[in-house]
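Accompanying notes for the structure given below.
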Amino acid sequence: MIHKKLRLGYGKEKINKIMDLIDYSIKSNFDLNDDRIQTAISVLNEYVRLHEKNNYDVSYIKEFLLLHELKKDTFTGGIIEESKENILRNVKGNFEDLSFSRHSIREFTTDPIPKELIENAIRIASKTPSVCNRQAWSVTVVKDNSLIKELMKIQSGINGMAENMNTLIAITTSYEYFGNIHERNQAFIDGGLFAMSLLYALTYLGVGTCALNANLRISDEITVKEKLGLSNADNLIMFIAVGHYQETVKYPKSNRDSVTKIVNFI
C-alpha cells in the first residue's frame, strides 16, 4: 500500500492469512481489543478503502469484516505520509527524535549515495559494544545495480518493491573471533547491535534505509557469500537498502507494543 505503482490485489495470500488468524482469535475468545488484533483489523479496513477507491473488487474482505462486526474506527494499521523536510529536521534532534524518525523506506530518488557518507556512518556505528571489544563485524557495500538485483532476488523479501535502490549493505560477523561453544550466539548478538547502530547512523546522516533479513536457505547463503567474496567463516547478519528520501515519504505505520507489555520489574 506504500508504493506509487500500486499493484491492486497484491498480497492476497497475506490478507487471507490475516483473516484466518482473526477468525481463529474470535473462535478462541481472545480479547479483540488487543493492540495487534486491532492493527490487523485496521490493515484490512485500509486495504478495502484503498482498493474501493481504485474500483477493484475486494468484497470478500468487506464481507468478512461485516460478518464479524469488526469496527472501522481503528487506525493503527496502514500508511503514513511525511515530508522529507520534516524527517531531516527530526533526525537532527535528540536521540528520541532520531529513534522515532527511523522507518523502513522502500522508495528512493535516483541520486547516488556518496562513499564518504557510508564511511562516516560506519565510523559512528563503530562505537557499538562487542564482547571483549572484539569488533567481529564487517561491512560490504554493493553499488553495482545488476548485483543488487541478483542479491535481492535471492533475498526475496523486497524483490521488486524497492524503487531506485542503488546502494545495498551486507553486514557480516566472522566466527574466527569466537572460540568457545558458550559463544555460539555471540556473532549474531554483536552483529545485530552493530546493524542497529548503522541504521541509526545512516538515518542521522539524512538518508533512508530499509532493514532486510538474511534468512536464507543454506544453498542461497553459499551463493550470496560467493557473489560478495565472503569466506565460510563469515556469518551473514542482514542487508540494509540505502537511498535518498523522495520529497514525500510513505512508510507503514508499524505500530509498536506498549511498554507495559514488554517490561517486567521484579
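Just so you know, all these numbers are worked out from the coordinates, no wet-lab data involved. Because the structure is predicted, anything quoted here is derived from the model rather than measured. Note: ideal-geometry Cβ built from the backbone for every residue, glycine included; neighbour counts use all protein chains shown.
For a footprinting-style exposure proxy, rank Phe30, Phe265, Phe178 by other Cβ within 10 Å, fewest first.
Phe265, Phe30, Phe178
Just want to confirm a number: the relative contact order over the chain, from Cα pairs under 8 angstrom separated by 6+ residues, in percent.
In percent, rounded to a whole number, it is 26.
Near the amide H of Thr167, under 5 Å away, which other amide H atoms are found, from residues 5 or more places off or on another chain, if H is placed in the peptide plane?
Those qualifying (amide H under 5 Å, at least 5 residues apart or on another chain) are Val242.
Considering the options Asn180, Thr167, Ile105, tell which one lies farthest towards the positive end of the dipole of segment 81-251, charges being +1 on Lys and Arg and -1 on Asp and Glu at the Cβ, about the Cα centre.
Working it through, the farthest residue towards the positive pole turns out to be Asn180.
Which entries of Lys127/Lys253; Lys62/Lys250; Lys92/Lys250; Lys17/Lys153; Lys14/Lys153; Lys92/Lys115 have Cα-Cα distances beyond 27 Å here?
Beyond 27 Å: Lys127/Lys253.
Residue by residue through segment 98-111, which ³J(HN,Hα) values in whole Hz follow from phi under the Karplus form 6.51 cos²θ - 1.76 cosθ + 1.60 (θ = phi - 60°), with glycine and proline marked x?
4, 4, 7, 9, 8, 9, 7, 9, 10, 10, 10, 7, 7, 5
Filter the GluC sites (Glu not before Pro) in segment 172-266 to those in DSSP coil with at most 11 other Cβ atoms within 10 Å of their Cβ, and list the result.
Within segment 172-266, the qualifying GluC sites (Glu not before Pro) (loop, at most 11 other Cβ atoms within 10 Å) are Glu247.
Would you kindly derive the ³J(HN,Hα) couplings of segment 186-202 from the backbone phi angles with the Karplus curve 6.51 cos²θ - 1.76 cosθ + 1.60 (θ = phi - 60°), listing them in order in whole Hz, with x for Gly and Pro?
5, 4, 6, 5, 5, x, x, 4, 5, 4, 5, 4, 5, 4, 5, 5, 5
Along segment 253-265, what does the Karplus equation 6.51 cos²θ - 1.76 cosθ + 1.60 (θ = phi - 60°) give for ³J(HN,Hα), rounded to whole Hz, x for Gly and Pro?
5, 6, 4, 9, 5, 6, 4, 4, 7, 10, 10, 9, 8
Hey, what's the per residue convex hull volume over the C-alpha atoms of the chain, in cubic angstrom?
About 181 Å³ per residue, rounded to a whole number.
Please identify the trypsin sites (Lys or Arg not before Pro) of segment 134-189 that satisfy two criteria: DSSP loop assignment and at most 12 other Cβ atoms within 10 Å. Which are they?
Those that pass, being in a loop and sparsely packed, are Arg184.
Hey, got the dipole for segment 81-251? About the Cα centre, +1 on K and R Cβ, -1 on D and E Cβ, debye to the nearest 20?
My answer is approximately 160 debye.
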